[in-house]
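Written below as structure tokens is the structure these notes are about.
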């Protein structure tokens, strides 16, 4: 696996901001690769691109032949700006996808997007993002974000995975919420997993890899 630190621009309220990220791609293979950008959990609760779920998912995808980009939202780590509770973070996702699409060896027509917790809320709430990718995976998405997303009208494939012990996102309400989607997402509930997925990364990552392999390879 080859990893490259990257910095890129995103739109701020008073001009551009510089964000940090890491691109990973399979070793010894020139591509072209399908590629997935990964959005991290809530920064006010310690979420960053170095979160255990973010690292596990991006590593597993790279081992399965994908290029990946994990990045810090505005105001996190060395990324400039301030946290905006999801109001402007959609711009960060759009910018990250442009970086990934243009990366040497990446097939820009086979882009996917994954989000975990707050990251999944940003993905769900950002309609312009939905048009930029072919498939989306949402890990532990908050129920309110699922219920209110403009993605309900979309046609693209979506995969949702959550734990049955997750008390933060009301996993037991996901089923009824998905009935309102034009193209009902695939949904899996992992027995025993809570919101943090500690010790359950090995049950999470194969499902994410399977979904993106089906949709992007």
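The values are calculated or read from the model by the stated rules, or taken from the named source; none is laboratory data. In this text the structure is predicted, and so the values were computed from the model without any measurement. Reconstructed Cβ throughout: ideal geometry from the backbone, glycine too, with neighbour counts over all protein chains shown.
Restricting the stretch 46-63 to residues that are within 26 Å of residue 82 (Cβ to Cβ) and touching a residue at least 40 places away in the same chain (Cβ under 8 Å), the residue that is surrounded by the most Cβ atoms within 10 Å (Cβ to Cβ) is 53. Evaluated against (1) outside any helix (DSSP H, G or I); (2) more than 17 Å from the chain's Cα centre (by Cα); (3) in contact (Cβ under 8 Å) with a residue 12 or more places away in the chain; (4) more than 16 Å from residue 36 (Cα to Cα), residue 107 falls short on exactly one condition, (4).
Can you tell me which residue in the stretch 98-119 is surrounded by the fewest Cβ atoms within 10 Å (Cβ to Cβ), limited to those that are touching a helix residue (DSSP H, G or I) at 6+ places or on another chain (Cβ under 7 Å) and under 22 Å from residue 159 (Cα atoms)? Lay out the reasoning, then the answer.
First pass over the stretch 98-119, keeping only residues touching a helix residue (DSSP H, G or I) at 6+ places or on another chain (Cβ under 7 Å): 106, 108, 110-116.
Narrowing further to those that are under 22 Å from residue 159 (Cα atoms): 108, 110-116.
On the way: 108: 13, 110: 21, 111: 21, 112: 27, 113: 28, 114: 28, 115: 27, 116: 28.
The residue in question is 108.
Scanning the stretch 157-180 for residues that are surrounded by 13 or more Cβ atoms within 10 Å (Cβ to Cβ), touching a strand residue (DSSP E or B) at 6+ places or on another chain (Cβ under 8 Å) and either assigned to a helix (DSSP H, G or I) or modelled with pLDDT of 95 or more (or both) turns up 157, 158, 159, 160, 161, 162, 163, 171, 174, 178. Looking only at the stretch 181-217, residues that are in a loop (DSSP other than H, G, I, E, B), out of contact with any helix residue (DSSP H, G or I) (no Cβ under 6 Å at 6 or more places or on another chain) and either farther than 24 Å from residue 59 by Cβ or in contact (Cβ under 8 Å) with a residue 60 or more places away in the chain (or both) come to 5 in all. Inclusion of residue 146 among residues that are buried (at least 21 other Cβ atoms within 10 Å of the Cβ), assigned to a helix (DSSP H, G or I), in contact with a helix residue (DSSP H, G or I) (Cβ under 8 Å, 6 or more places away or on another chain) and in contact (Cβ under 8 Å) with a residue 60 or more places away in the chain is not warranted.
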